[in-house]
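Only one structure is covered here, and it is reproduced in the block below.
Read the figures in this text as sums done on the coordinates, not as results from a lab. Model, not experiment: these values are computed from the prediction. Using ideal geometry, Cβ is built from the backbone for each residue, glycine included, and neighbour counts are taken over all protein chains shown.
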Amino acid sequence: MFDVLIIGGGVSGVSCALILGSAHNKPYAQGKRVGIFTHQKSTALQDALFNNAYGIPQGKLGKDLMAESLEHLHSAYPEVEQIENEKVMKVEGAAGNFIVTTNKNTYQTRIVVIAIGSANTFAIEGLMDYVIPHKKALPEKNRIQLKNNDHLVTEGIYAAGTLAGWRSQLSIAAGSGASVGTDILTLWNNGIPSQHHDSTRPKH
C-alpha cells in the first residue's frame, strides 16, 4: 500500500515528489510510502527551451531538465519509488483505499496526485466525470482540466499543473506540484501547516 501515488513525471509531478521526499525524516512522514509514475508518452518538456524560469540557466533544454530532475529525485530521495514504463488506465475506490491500474500492474494507495498535463487525450477511467474545458487555455487548443478546489478534485485525489487549470509555464507547474506536496504534508501532520525547508542555518 502506497501513501501517495503521483501520476506523471513532468514538472508538477516531480516537484510534488521532491517536496514529499524532502520530509521523509520528519516524524509525521516517517514510514510513508511515496511512488511516482514517470511514464511520459508526450510532454511539452520534450521540445521546451527555457529562458525565463527562475533558477534555471538561460538556454536549458526541457528534455535535459526532465532527465536531470528524475535523477535529482532518485539521488536525493531514493525512498520515493520511481515506476517507469507504466501507463495509468484506471483509478477507482475512495480516499484511503484507491486502486490504480496500469497497463502492467495494479497498485493500492491512500492518496492519488494526477499531474499529466491538459491534453484532450486524457482517458483515465474513473476520473472522466471531473473533466471540464481548461479555463486558462485558448479555446482552439482544446485543452482540459479536472474540476478542483485548490488542487483537490475530491477527497484523496489531487490535480497538479496544467491539469489543475494552471497556465503552461514551468514555474507555475512547479509551484502547483509543490503546493500539492505541502498540502499532503499538512494532512500527514494532523492538519498543522507544514512545508519542510532545508537551511544552512545552525540548528538550535
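Structure notes:
- A67 paired with E84, simple spin-label distance in nm, labels 7 Å along Cα-to-beta-carbon: 1.2 nm
- Distance in nm between pseudo-label sites at R167 and K60 (7 Å out along the Cβ direction from Cα): 2.0 nm
- Viscosity 1.306 mPa s, 10 °C: Kirkwood-radius Stokes-Einstein D of the range 83-204 over Cα pairs, µm²/s: 101 µm²/s
- Pairs beyond 28 Å (Cα-Cα), from K87/K135; K32/K87; K60/K90; K87/K141: K60/K90
- Cβ crowding within 10 Å averaged over residues, with 160-171, 101-112 ranked highest first: 160-171, 101-112
- Potential lengthening between S199 and N51 on full extension [0.36 nm per residue; Cα-Cα distance subtracted]: 50.5 nm
- Alpha-carbon Debye profile of the chain, log10 I(q)/I(0) at 0.08 Å⁻¹: -0.25
- Ordering of 21-27, 136-142, 183-189 by burial proxy (mean other Cβ atoms within 10 Å per residue, highest first): 183-189, 21-27, 136-142
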